[in-house]
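The values are calculated or read from the model by the stated rules, or taken from the named source; none is laboratory data. The shown structure was predicted, so the numbers you read here are calculated from the model rather than taken from an experiment. Here the Cβ is made from the backbone with ideal geometry for all residues, glycine too, and neighbour counts use every protein chain on show.
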Amino acid sequence: MSGSIIAGWGFASNALSTEFLYAIDKALTDYRVNRSTLIQIAIPAGKSDRAALIAADRLKLPLFAISHEALAAVEADLATWSDRSIAATGSPSACEAAALCGAGEGAVLLGPRVAFGKVTCALARRR
């Protein structure tokens, strides 16, 4: 669906489901995006976590894992750089990379990631 929004999450293993929800709300508010355009959430492969699954379920959105190879392929398109993210996932911004990959070829970030607690969130628009 052209113009649809995909969220990407990056997070610490001890993040709470409420932090995921607040992070996505903050991103939607900061970038003035209507929640109805959000169609899925992407996370780095190997980072699946009960709190992320609970949050995605509360949002009634599918949650997809993105391979480390795919995250690396969009590195040049990222808006932010974090040594902590590199250490944890191999990507300078796991949430931005996951959002871009989830949105597909030609996707664009709406802006740099936002953070709430132990969760970062980025939004990408599908073309």
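The single condition among (1) surrounded by fewer than 13 Cβ atoms within 10 Å (Cβ to Cβ); (2) among the hydroxyl-bearing types (S, T, Y); (3) touching a strand residue (DSSP E or B) at 6+ places or on another chain (Cβ under 6 Å) that T37 does not satisfy is (1). Taking (1) under 25 Å from G3 (Cα atoms); (2) of a type outside the set (S, T, Y); (3) in contact with a Pro (Cβ under 7 Å, 6 or more places away or on another chain) in turn, D30 satisfies each apart from (3). For beta carbons closer than 8 Å, sequence separation of 6+ or different chains, a first residue in region 5-16 that is at pLDDT below 95 and a second that is assigned to a loop (DSSP other than H, G, I, E, B) and of a type in the set (S, T, Y), the qualifying pairs are G10/S93. Exactly one residue out of V108, V114 is among the aliphatic types (A, V, I, L, M) and exposed (fewer than 15 other Cβ atoms within 10 Å of the Cβ), and it is V108. Annotation note: of A98, A52, the sole residue that is within 14 Å of the chain's Cα centre (by Cα), modelled with pLDDT of 95 or more and buried (at least 19 other Cβ atoms within 10 Å of the Cβ) is A98.
If the condition is being under 14 Å from the mean Cα position of the chain (by Cα) and not polar (S, T, N, Q), then region 78-91 contributes L78, A79.
Please go through (1) among the charged types (D, E, K, R); (2) exposed (fewer than 15 other Cβ atoms within 10 Å of the Cβ); (3) in contact with a strand residue (DSSP E or B) (Cβ under 9 Å, 6 or more places away or on another chain); (4) under 22 Å from R127 (Cβ atoms) for D57 and return the number of the only condition it doesn't satisfy. Every listed condition holds for D57 apart from (4). Examine region 19-34 for a residue that is at pLDDT below 95, closer than 19 Å to A115 by Cα and assigned to a helix (DSSP H, G or I), and state whether such a residue exists. Checked against the condition, which is being at pLDDT below 95, closer than 19 Å to A115 by Cα and assigned to a helix (DSSP H, G or I), region 19-34 yields no hits at all.
Quick one: would you say T80 is closer than 18 Å to A27 by Cβ and touching a strand residue (DSSP E or B) at 6+ places or on another chain (Cβ under 7 Å)? No; evaluated as a whole, the condition is false for this residue. Considering A65, A87, A115, A76, the condition of being aliphatic (A, V, I, L, M) and touching a residue at least 24 places away in the same chain (Cβ under 8 Å) is satisfied by A115 alone.
Selection of region 71-127 for residues being assigned to a strand (DSSP E or B) and touching a Phe, Trp or Tyr at 6+ places or on another chain (Cβ under 8 Å) yields F116, V119, T120, C121, L123.
Checking each residue in region 1-30 for being crowded, with 24+ Cβ neighbours inside 10 Å and among the hydrophobic types (A, V, I, L, M, F, W, C) picks out I5, I6, A7, W9, F11, F20, A23, I24, A27.
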